[in-house]
Amino acid sequence: MAVTEPLLAVDDLWVEFWTRRGTIHAVNGISFTLAPGETLGIVGESGCGKSVTSLALLGILPRAGRVVRGGATFQGRKLIGLSDAELRRVRGKEIAMIFQDPMTSLNPVLTIGRQIRETLEAHFGMERHAANARAAELLDQVGIPGARSRLGDYPHQFSGGMRQRAMIAMALACEPKVLIADEPTTALDVTIQAQILELLRQLVAERDTALILITHDLGVVAGMCERVNVMYAGMFVETGSAAALFARPRHPYTVGLLQSVPRLDSERGRKLQPITGAPRDMLSAPSACPFAPRCRYAIDGCTHEVPALRTMEPDHDARCINPVPAATPQPAGEATR
Amino acid sequence: MSDPLVSAEGLKVWFPIKSGIVLDRHVGDVKAVDDVSLLIERGETLGLVGESGCGKSTVGRTIVRLYRPTAGRIVFDGEDITTLGETELRGTRRQMQMVFQDPFASLNPRHSIGRIVSEPIRVHGLSGSRRETHQLVRDLLGRVGLPADAASRYPHEFSGGQRQRIGLARALSVNPAFIVCDEPVSALDVSIQAQIINLLEQLQDELALTYLFIAHDLAVVRHISDRIAVMYLGGIVEVSPAEALYRQPLHPYTISLLSAVPIPDPEVERRRSRIFLTGDVPSPASPPAACRFHTRCPYVQPTRCREERPALRALENGHEVACHWAEEIHSGAITLPSSNGRR
Amino acid sequence: MSIVELESREIELDAPAAGLGHEAWSRLRRNPGAIAGFVLVATFVLIAIFAPLIAPDDPSAQDILAVGAGCCPGPSVHHWLGLDQLGRDEFSRILYGARYSLMIGLVAVSTGLSIGIVLGSVAGFFGGLLDSVVMRLMDIVLAVPGLLLAIGVVAMLGPGLWQIMVAVGLTNVPIFARLLRGSVLAQREQDFVLAARSVGVPRRSILVVHILPNAISPVIVQGTLAMATAIIDVAGLGFLGLGPQDPGTPEWGTMLTQVDRYLQSAPFLAIAPGAAIVLSVLGFNLIGDGLREALDPKLRGRD
């Protein structure tokens, strides 16, 4: 692949939330780059800070949150810290986002058509008639039957899967260069999830849009993403190409996650290996490896300082001073009959 | 030979739809459960899996008589409990307990943990002195992996996974024979799910429990169940030993469902062939006539599918399926049209 | 997840330090309106309780000589709010009036509350025909404007203090009944109620032990607001002459009736009871609003 300037570059981002009970250190120094057309998966459990990252990029953090260190650039220009007016030009047009629950992310009192038109009118200055036509086209492209007539429908008249398709249509309306999908299918049934993911796959491939897929589901990431970053306690603990990371996971957390999830294609009767303990509370910035208290492979040095990301193999890094040996057997699939 | 602990025959649970300005008129029914029959053997775990709206939770709740069935029979431990009143049911209720999905809503926020866990004991008159009850509560909490001092605290002080353990302790307090687990791990984080699943398995071994495990996550159900029943739109479409379900799915819905479940392995994902169902699930208020799946079935045939509702019939070795063409699909005589099943 | 959910999920910690009641209390403490309301109501209650000790004069003691010349001597050093048309110390009468208002408010609201809770919880819990009948009955009662209804009841029972208390109490019944029914309906579908049913808890116990304690918060809020309206209603009925028939009773509304002839010459005789009514009603309203905010479960977890 030719070396291109990264589309999006995040550099040592730290995000905090001020609350009555103290400061929550939601994101503790993450850095990553996104190339044009690339699919990146950010995977982690609830509370690890993955959603906060995307909100910070688009400048839509809740009131109590703020970026305290680091920044991000988009196409070489500064992204974090832009004024509201400048950010509005970026949101939707360059970087678009879709959320988990389309019921609360779509305005229930506006028709779908109107909401799509809003984006088109705002960013392209399209007039009504043309915007309508384009909106119908978009709904059609995302697989909503009878698109034209459904422009006048309200969100509650759509099923969950259809609403998510409408959200994708809205997000792609302005042909953004980056699409951030925050748990887009978590609230959907598994067969609908498969449809939506397939749709996403097709659309971003056709338009060469870069995709950041945020989820807790390792299976979804395995099927959709070229590169994966595993997040825990506000930092990336393992990053790399999906192929390398899944075949040879090195960070104990990643290994723990893979071993605690039952796989459809693995041997039955193998006991699940849960990760003991509970996630770290985020009231203080980590001063040592955040996973050490729950880690089976922890050694003395783990409690001294936060480990840096180290290269395990080409295109595969892990933040661990005692990583799981690469040859450890993983719960692989059964041999095909 | 077979002496099932729980048996449901021809179970129907229809919820009336009422409409009208002054007087509510009965204009239709939501057929949440439409003719479901299943058997649960002593000591086994029967998994009940399906997507939202398929009626699996309703089946679970009807079996423990939280809902009254519109038709059909429920036999528990040899006793027909279909039409028993609340007072008569109380004795049986000791034997069948339930664990709920939402760890935040299934515990009364105003009661202490000790009170919650000991409630079944008190209701069934099994409590001795207060000291004995306290000891029992402490033992139960220990059995589910919670510290003894939890008894004086309140639900909001615990995490989701811990609350599920409390719910389990409550269910176990009266030594039931049968527990319906209604999506017990769906609302939990991945790393906590495994803890609870292991706990459930361990308790089953220790206490000889029988489970009806209801969930939408096929991988989890396959892991914990001995047999699995797949539901679609109010009916069971396939019943199979768990081992065989992944290797030999027979019903087109099961096949589609399995192909849709993501697997955490990029190589496997890349090589899989997938079937994408079109459209959405029809509403249970107006399910399709004849075979309920025929409107979305990738293998739908011109005859029989639109005319006759397939009955759940037994094929060899404990495998049941509700499809007219199951054998032909399995043998390859019927294949997918080339436009579907890509990748 | 939506941003709101994100806010409450990511900000909230695993184990909040205090209980549900504590959290509501701390939110209440920081609400300036609620604090002001509390001060007003506390003053009102203390005055009502300690009136005999605080009041400088006997409210019935008349100083006819002082008003012989005409009405009415205004505020002075001895009589902070002056004398009324019969020579009685206005200030003392206001203080004693607080007792009547408090008692009337409490009795009226308790009557309404107790009957309303029973009707509402029974209707909500059992549903069906019982629910329809009870609610239609409540609708009928609600269709009549509160004051008119109270007048009607008094017309039946005759004028007097306890009669207007009953009347005002009855007008509150449908409000509480409706409120509690809604609350009970919402709680009835909660998982922990289902769990109690599946355990075999008898229905009676489910209603009293599980549902009611969780359904009661909106009723508490409404209770404080009902105190406010009860005070106004009672004053209104008193103003119409339907209240205590003994003209010596220092009830604020009755006091207002008796001074309409003197409004030009001695306006303070109307202002004093009027202001007392306004301040006490304001106090209850402020507390009610503060409680509503503090107990709202949706606001839990936010700052």
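The values are calculated or read from the model by the stated rules, or taken from the named source; none is laboratory data. Because the structure is predicted, anything quoted here is derived from the model rather than measured. Quick reminder, even Gly has a Cβ in these numbers, built from the backbone with ideal geometry, and neighbours come from all protein chains shown.
Observations, loosely collected:
- Taken as a whole, the structure leaves residue A:15 outside the set of residues that are in contact (Cβ under 8 Å) with a residue 24 or more places away in the chain, more than 29 Å from residue B:190 (Cα to Cα) and outside any loop (DSSP other than H, G, I, E, B).
- Subset of the range B:129-149 [buried (at least 17 other Cβ atoms within 10 Å of the Cβ) and either in contact (Cβ under 8 Å) with a residue 40 or more places away in the chain or within 11 Å of chain C (Cβ to nearest Cβ) (or both)]: B:143, B:144
- Strands (runs of 3 or more DSSP E) completely within the range B:13-112 that count 1 or more residues being more than 30 Å from residue B:286 (Cα to Cα) and within 14 Å of another protein chain (Cβ to nearest Cβ): B:45-49, B:71-76, B:96-99
- When residues in the range A:295-322 are screened for being exposed (fewer than 12 other Cβ atoms within 10 Å of the Cβ), in contact with a Pro (Cβ under 7 Å, 6 or more places away or on another chain) and under 12 Å from residue A:238 (Cβ atoms), 0 of them pass.
- Cβ-Cβ contacts under 8 Å between residues 6 or more apart (or on different chains), taken from a first residue in the range B:150-173 that is under 13 Å from residue B:99 (Cα atoms) to a second residue that is of a type in the set (S, T, N, Q) and outside any helix (DSSP H, G or I), are listed as B:163/B:106; B:167/B:106; B:170/B:97; B:171/B:97; B:172/B:97.
- Residues located in the range A:251-274, provided they are facing chain B (nearest Cβ under 9 Å) and of a type in the set (D, E, K, R): A:263, A:265, A:268, A:270, A:271
- Given (1) out of contact with any Pro (no Cβ under 7 Å at 6 or more places or on another chain); (2) of a type in the set (Gly, Ala, Ser); (3) without any contact (Cβ under 8 Å) to a residue 12 or more places away in the chain; (4) crowded, with 20+ Cβ neighbours inside 10 Å, index of the condition residue B:191 fails: (1)
- Checked against the criterion of being in contact with a Cys (Cβ under 6 Å, 6 or more places away or on another chain), in contact (Cβ under 8 Å) with a residue 24 or more places away in the chain, under 27 Å from residue B:108 (Cβ atoms) and more than 8 Å from every other protein chain (Cβ to nearest Cβ), the candidates B:178, B:213 yield just one match: B:213.
- A count restricted to the range A:178-213 and to residues that are within 24 Å of residue A:123 (Cβ to Cβ), buried (at least 20 other Cβ atoms within 10 Å of the Cβ) and touching a residue at least 60 places away in the same chain (Cβ under 8 Å) stands at 12.
- Answer from C:275, C:235 - the residue that is surrounded by fewer than 17 Cβ atoms within 10 Å (Cβ to Cβ) and more than 12 Å from residue C:160 (Cα to Cα): C:275
- All helices (runs of 4 or more DSSP H) inside the range A:49-158 with 3 or more residues being within 14 Å of chain C (Cβ to nearest Cβ) and either on the phi < 0 side of the Ramachandran plot or of a type in the set (Ser, Thr, Tyr) (or both): A:50-57, A:102-105
- Exclusive hit being within 27 Å of residue A:73 (Cβ to Cβ) and either of a type outside the set (Lys, Arg) or surrounded by 19 or more Cβ atoms within 10 Å (Cβ to Cβ) (or both), set A:133, A:122: A:122
- Selected residue (criterion: farthest from the other protein chains (Cβ to nearest Cβ)) from residues of the range A:275-284 that are crowded, with 17+ Cβ neighbours inside 10 Å and modelled with pLDDT of 85 or more: A:282
- Yes/no for residue A:46 being in contact with a strand residue (DSSP E or B) (Cβ under 8 Å, 6 or more places away or on another chain), surrounded by fewer than 22 Cβ atoms within 10 Å (Cβ to Cβ) and among the polar types (S, T, N, Q): no
- Residue within the range C:77-94 that is among the β-branched types (Val, Ile, Thr), part of a helix (DSSP H, G or I), under 24 Å from the mean Cα position of the chain (by Cα) and surrounded by 21 or more Cβ atoms within 10 Å (Cβ to Cβ) present: yes
- Residues satisfying the stated conditions in the range B:307-340, i.e. crowded, with 20+ Cβ neighbours inside 10 Å, of a type in the set (A, V, I, L, M, F, W, C) and under 22 Å from the mean Cα position of the chain (by Cα): B:321, B:322, B:323
- All positions within the range B:251-272 that are over 18 Å from residue A:227 (Cα atoms), facing another protein chain (nearest Cβ under 7 Å) and surrounded by 24 or more Cβ atoms within 10 Å (Cβ to Cβ): B:256, B:257
- Count - residues of the range B:220-235 that are surrounded by fewer than 23 Cβ atoms within 10 Å (Cβ to Cβ) and assigned to a helix (DSSP H, G or I): 0
- In the range B:286-306, of all residues being within 14 Å of chain A (Cβ to nearest Cβ) and either among the polar types (S, T, N, Q) or in contact (Cβ under 8 Å) with a residue 60 or more places away in the chain (or both), the one that is surrounded by the most Cβ atoms within 10 Å (Cβ to Cβ) corresponds to B:293.
- When residue A:248 is tested against (1) within 13 Å of chain B (Cβ to nearest Cβ); (2) in contact (Cβ under 8 Å) with a residue 24 or more places away in the chain; (3) buried (at least 22 other Cβ atoms within 10 Å of the Cβ), exactly one condition is not met: (3).
- Inside the range B:156-173, residues that are assigned to a helix (DSSP H, G or I), within 14 Å of chain C (Cβ to nearest Cβ) and modelled with pLDDT of 90 or more make up a count of 10.
- Screening the range C:142-244 for helices (runs of 4 or more DSSP H) wholly inside it with 3 or more residues that are within 15 Å of the chain's Cα centre (by Cα) and among the polar types (S, T, N, Q) returns the ranges C:217-239.
- Unique residue being away from chain B (no Cβ under 14 Å), β-branched (Val, Ile, Thr), over 20 Å from residue A:243 (Cβ atoms) and out of contact with any Lys or Arg (no Cβ under 8 Å at 6 or more places or on another chain) when the list is A:212, A:168, A:192: A:168
- Residue in the range A:253-264 that is crowded, with 20+ Cβ neighbours inside 10 Å and farther than 30 Å from residue B:147 by Cα present: yes
- Unmet criterion (only one of (1) under 22 Å from residue B:184 (Cα atoms); (2) surrounded by fewer than 16 Cβ atoms within 10 Å (Cβ to Cβ); (3) at pLDDT below 90) for residue B:88: (1)
- Single residue of the range B:113-127 satisfying the filter (part of a helix (DSSP H, G or I) and among the hydrophobic types (A, V, I, L, M, F, W, C)) that is farthest from the other protein chains (Cβ to nearest Cβ): B:113
- Within the option set A:80, A:144, being of a type outside the set (D, E, K, R) and within 20 Å of residue A:203 (Cβ to Cβ) holds for one residue only, A:144.
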